[in-house]
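Notes follow once the structure below has been shown.
The values are calculated or read from the model by the stated rules, or taken from the named source; none is laboratory data. Everything numeric here is computed off the predicted structure, so don't read it as measured data. Methodologically, a virtual Cβ is constructed for each residue, glycine included, from the backbone with ideal geometry; neighbour enumeration extends over all protein chains shown. The protein model used for the area step is the full one, side chains on, heavy atoms only, and it has no ligands, DNA or RNA in it. Shrake-Rupley method; radii C 1.70, N 1.55, O 1.52, S 1.80 Å.
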Amino acid sequence: MKRIVKKIGALAACLMILVSMPGTATVANAAEIGYTYTFDYWGDVQYSPDAYEVVGVYSAAELGLDKKLSAPQGMFIYEDYIYICDTGNNRILEIRRTGTAEFEVVREFSEFYGNVEVTTFSMPTDIAVSEDYFYIADKNNNRILKLDKDLNYVMEFTKPLDETFDQELTFLPSKIAIDTAGRVYCVATSVNKGLIKYEADGVFSGFVGATPVTYDFADYLWKKFATKEQRAQMTNFVPTEYDNLYMDYEGFVYAVTTNVEEADLDNGSADSIRRINMMGSDILIRNGNWYVIGDIHWGDGGGYSGPSMMIDITAFENDTYVALDKTRGRLFAYDDQGRLLYAFGSKGNTDGCFKSPSAIDHMGYDLFVLDQQDCSFTVFTHTEYGKNIIDAIDLFQDGEYEASGNAWQRVIEMNGNHDLAYIGIGRALLRQEKYHEAMEYFKLKWDDENYSKAFKQYRKEWVEENIVTIVCALVLVIAVPLIIGKIRKIKHEIDTADIFTRKK
């Protein structure tokens, strides 16, 4: 029933978005005044102050490069260095951030040193960096390169010669990630068995995190009775392939896929964002009112249609994460419980908008978004509003519950429609053992689960504080009827004795 009510609210919000976004001019206008929002309990769009603001947009001209970037697809940030795969030019850019809005190109390279047949890149699509090494997805050379920081060849990861890997497929690594032990995780074109995993010595060790198989029951039933020729023409029930991945600070892999059906996103049977542990299981927490899919309602507006399609993701050390939507160029930030913190961004030509976003990463809490069509990257930094939200989350994780509640209160003063601010204050009060006050905040925003937790503790606390009164009341409830009954019995015996005496 709750889902149906939310759908009605979502439909109304969808109509509002369609009216407000009739064309590109409206989108650009929204970008100029800021376009940040979230969803309330009922699924209505709630606009808010901007959580991020644009530091700058940087193309070849701003970076002082002679050659313009061409279809850049991969980006990785290590400390204060930004590495960009300039895919169309078969080169890697190493850029250092020297100030909030200042960058310098340290070097650009398209080849390396080593005793191998091919020492140049061919369509490098992604890069991962450790303290000592570069790992490069050299796509059209069918390999993942491992180079030292002086660009000397160390080793390469090639097509797995294993029966679990279809040997008819061409090995085309597109996205990569590495863990602290030097293991490599790879997304390869047309591989739908999950992430390809290599040990540090280059040995293929299997697939990780294959997505659950989904199928239509009618098709499944038909396959049981179809002929061999008919079955060959039907779609196989196989896991979907990933589009991108990100290794977080704990060694868990965030993975995103755009190979999902609109209906499956709408009913929650598909996961476009997953968090994969070492066993390959999805451990992403989804405790929000809505699915972790970006926009929860969509339509045709501004020249765009369909649901959000996540093509990249990045995660902070407080377990919040930001996913990049290629459909409408939006960024969706979620907390560790899968609740939307804020969404912003759009398609367009103005600062803060994108033509065709391809990658996202972060430096501190600043966000970097690579645009392969505009051949540039945009840098975002927190506004005061966004900083208060992150401060509230960080303080809560550090055990500073009162300070966290105060930060959420500042958020409410700036945006009284932010549901998570009320819930955040409630959670802070709950940890401070102020259960009754916490219940009031949870009740305001229909947070049944946390309200039940607070009520349980409040009931226990109330019982402990009033145990003497409760015991006395119970004694009275039990004893008073007994005393009254005894008195009535004695009175009855006395009255009966008097009557007997008078008869005598």
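For (1) basic (Lys, Arg); (2) within 10 Å of the chain's Cα centre (by Cα), each residue gets a yes or a no:
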residue: Met279; (1), (2): no, no
residue: Gly301; (1), (2): no, no
residue: Gly306; (1), (2): no, no
residue: Ala315; (1), (2): no, yes
residue: Ala323; (1), (2): no, yes
residue: Arg330; (1), (2): yes, no
residue: Asp335; (1), (2): no, yes
residue: Ser356; (1), (2): no, no
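Does Tyr198 qualify as being modelled with pLDDT of 95 or more and either among the polar types (S, T, N, Q) or touching a Gly at 6+ places or on another chain (Cβ under 6 Å) (or both)?
No, not satisfied.
Would the range 412-429 turn up any residue that is more than 27 Å from Gln46 (Cα to Cα) and without any contact (Cβ under 8 Å) to a residue 12 or more places away in the chain?
Looking for residues that are more than 27 Å from Gln46 (Cα to Cα) and without any contact (Cβ under 8 Å) to a residue 12 or more places away in the chain, one finds none in the range 412-429, hence no.
Is the range 32-47 home to any residue that is assigned to a loop (DSSP other than H, G, I, E, B) and at pLDDT 95 or above?
no
Could you please let me know if Thr320 is within 26 Å of Lys445 (Cα to Cα) and of a type in the set (S, T, N, Q)? I'd like the intermediate steps shown before the answer.
Numbers: within 26 Å of Lys445 (Cα to Cα): yes; of a type in the set (S, T, N, Q): yes.
Answer is yes for this residue.
Output the number of the condition that Ala333 fails; it satisfies all remaining conditions of (1) open to solvent by 10 Å² or more (accessible area, probe 1.4 Å); (2) assigned to a strand (DSSP E or B); (3) among the small types (Gly, Ala, Ser).
Going through the list (1) open to solvent by 10 Å² or more (accessible area, probe 1.4 Å); (2) assigned to a strand (DSSP E or B); (3) among the small types (Gly, Ala, Ser), Ala333 breaks only (1).
If I filter the range 56-65 for residues that are open to solvent by less than 50 Å² (accessible area, probe 1.4 Å) and assigned to a loop (DSSP other than H, G, I, E, B), do I get at least one hit?
yes
Could we say that Glu94 is surrounded by fewer than 18 Cβ atoms within 10 Å (Cβ to Cβ) and part of a strand (DSSP E or B) here?
It is false that Glu94 is surrounded by fewer than 18 Cβ atoms within 10 Å (Cβ to Cβ) and part of a strand (DSSP E or B).
Taking the range 105-125, which residues are under 24 Å from Pro357 (Cα atoms) and either touching a helix residue (DSSP H, G or I) at 6+ places or on another chain (Cβ under 8 Å) or of a type in the set (Phe, Trp, Tyr) (or both)?
Across the range 105-125, the qualifying residues are Val105, Phe109, Ser110, Phe121, Ser122, Met123, Pro124, Thr125.
Among the residues of the range 108-120 satisfying the criterion of being touching a Phe, Trp or Tyr at 6+ places or on another chain (Cβ under 8 Å) and assigned to a loop (DSSP other than H, G, I, E, B), which is surrounded by the most Cβ atoms within 10 Å (Cβ to Cβ)?
Per the stated criteria, the residue is Phe112.
Among the residues of the range 239-287 satisfying the criterion of being surrounded by 14 or more Cβ atoms within 10 Å (Cβ to Cβ) and touching a helix residue (DSSP H, G or I) at 6+ places or on another chain (Cβ under 8 Å), which is nearest to Gly74 (Cα to Cα)?
For the range 239-287, the residue satisfying everything is Ser272.
Can you tell me which residues in the range 93-114 are within 21 Å of Ile136 (Cβ to Cβ), in contact with a Ser or Thr (Cβ under 6 Å, 6 or more places away or on another chain) and of a type in the set (Asp, Glu)?
Within the range 93-114, Glu111 is the sole residue that qualifies.
So how many residues does the range 375-392 have that are in a loop (DSSP other than H, G, I, E, B) and within 17 Å of Gly99 (Cα to Cα)?
0
Please identify the pairs in which a residue from the range 163-174 that is without any contact (Cβ under 8 Å) to a residue 40 or more places away in the chain and within 12 Å of Phe204 (Cβ to Cβ) has its Cβ atom under 6 Å from the Cβ atom of a residue that is part of a loop (DSSP other than H, G, I, E, B) and open to solvent by 20 Å² or more (accessible area, probe 1.4 Å), counting only partners at least 6 apart or on another chain.
What qualifies is Phe171/Asn142; Phe171/Lys159.
Of all the residues that make up the range 44-62, how many are among the hydroxyl-bearing types (Ser, Thr, Tyr) and over 18 Å from Lys355 (Cα atoms)?
3
Can we say Gly386 is free of Cβ contacts under 8 Å to residues at least 60 places away in the same chain and either open to solvent by less than 80 Å² (accessible area, probe 1.4 Å) or in contact with a Pro (Cβ under 7 Å, 6 or more places away or on another chain) (or both)?
Against the criterion (free of Cβ contacts under 8 Å to residues at least 60 places away in the same chain and either open to solvent by less than 80 Å² (accessible area, probe 1.4 Å) or in contact with a Pro (Cβ under 7 Å, 6 or more places away or on another chain) (or both)), Gly386 does not qualify.
Return the residue satisfying two criteria in turn: it lies in the range 69-85 and is touching a Leu at 6+ places or on another chain (Cβ under 9 Å), in contact (Cβ under 8 Å) with a residue 60 or more places away in the chain and of a type in the set (A, V, I, L, M, F, W, C), and of such residues it is surrounded by the most Cβ atoms within 10 Å (Cβ to Cβ).
Ile84
Just give me the residues in the range 201-229 being open to solvent by less than 20 Å² (accessible area, probe 1.4 Å) and either among the small types (Gly, Ala, Ser) or modelled with pLDDT under 60 (or both), in sequence order.
Scanning the range 201-229 gives Gly206, Gly209, Ala226.
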